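Beneath this line is the structure, given in structure tokens, with notes to follow.
No lab work stands behind these numbers, since they all come straight from the coordinates. Since this is a predicted model, take the numbers as computed values, not measurements. Glycine gets a Cβ as well: all are built from the backbone with ideal geometry, and neighbour counts include every protein chain shown.
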């Protein structure tokens, strides 16, 4: 029996673990299918408070993990395949192991949708990114490409014009899923060039294994061409890691878990933190903040339900 089981080991989960462990709750963290979350594929983090010179994403996660362990957090590798939240104690199944918990903090995060290119995966963190607010600063004065056709792509393209000399907005169709106001705003921006209809066939690297361009194929002519860019931002959305909670916890239309009154869910004793419930901010610092809140909420719940 565990006081707190935390599902996920990114910024939200590890911060929740630090706070729960310092409250002597002896939390258990189940790492998940992507231990460390999205920061593990971020090379340099410059906007996390307390690091004026920046810090590598994996190093930041490693520091958080060591801090949680220092205070008594237990870690288990593996992914949760099933949960039973119908009654307390809750049951969490990961592989062949079954864990019982008085409270559960769901911090399983969200995964950025990717194009599925081998070059995209190889260059992730080396010029390929899924977060403009995280990495746009590194591309000052360079041309960059944004791939996507929804509101998030338009928003990221506009944001990136603060830094880039040129932003190529590449979309496979002439029509966009984005709202008219977002499309109009992007079209009115002189730094943004629409490249449609075209799809990206390959992300090109230089001798230092950094992004130097994209190879696209024009849908109408079937002709390939290369565009020289220093960075590629994939903006085709995120998928919250919530499949195992369908029908068990409240979700919005896009599958994100719903938090009410802080980090609480409709199931007493179950709390949510980080990108699994945040489709708007998706920052390391906001994930960490909600992880802190979830741990404090869980601690308060346990105080009120002491055996």
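Computed quantities for the displayed model
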read-out: Cα Rg over Rh - the range 54-203, Kirkwood; value: 1.11
read-out: Mean shadow area of the range 172-230 over all directions, Cα convex hull, nm²; value: 4.8
read-out: Euclidean distance between Cα centres, the range 232-246 to the range 250-307, Å; value: 18
read-out: Residues 252, 278, sorted so that the one with the fewest Cβ neighbours within 10 Å comes first; value: 252, 278
read-out: The range 118-273: antiparallel DSSP beta bridges as a percent of all, rounded to 5; value: 50
read-out: Matching label, Kirkwood radius over Cα pairs in Å computed from the structure shown, candidates (1) 21.2; (2) 27.3; (3) 20.4; value: (3)
read-out: Relative contact order, percent, the chain [alpha-carbon distance under 8 Å, six or more residues apart]; value: 21
read-out: Mean Cα-pair separation over length for the range 114-234, i.e. relative contact order, pairs under 8 Å, 6 or more apart, %; value: 30
read-out: Beta bridges by DSSP in the chain, antiparallel share as percent, to the nearest 5; value: 45
read-out: For 292, 134, order by how many other beta-carbon atoms lie within 10 Å, fewest first; value: 292, 134
read-out: Length-normalised contact order of the range 202-307 in % [C-alpha pairs under 8 Å, at least 6 apart]; value: 15
read-out: The range 104-157 versus the range 34-71: alpha-carbon centroid distance in Å; value: 18
read-out: Ranking of 62, 31 by count of other Cβ atoms within 10 Å, fewest first; value: 62, 31
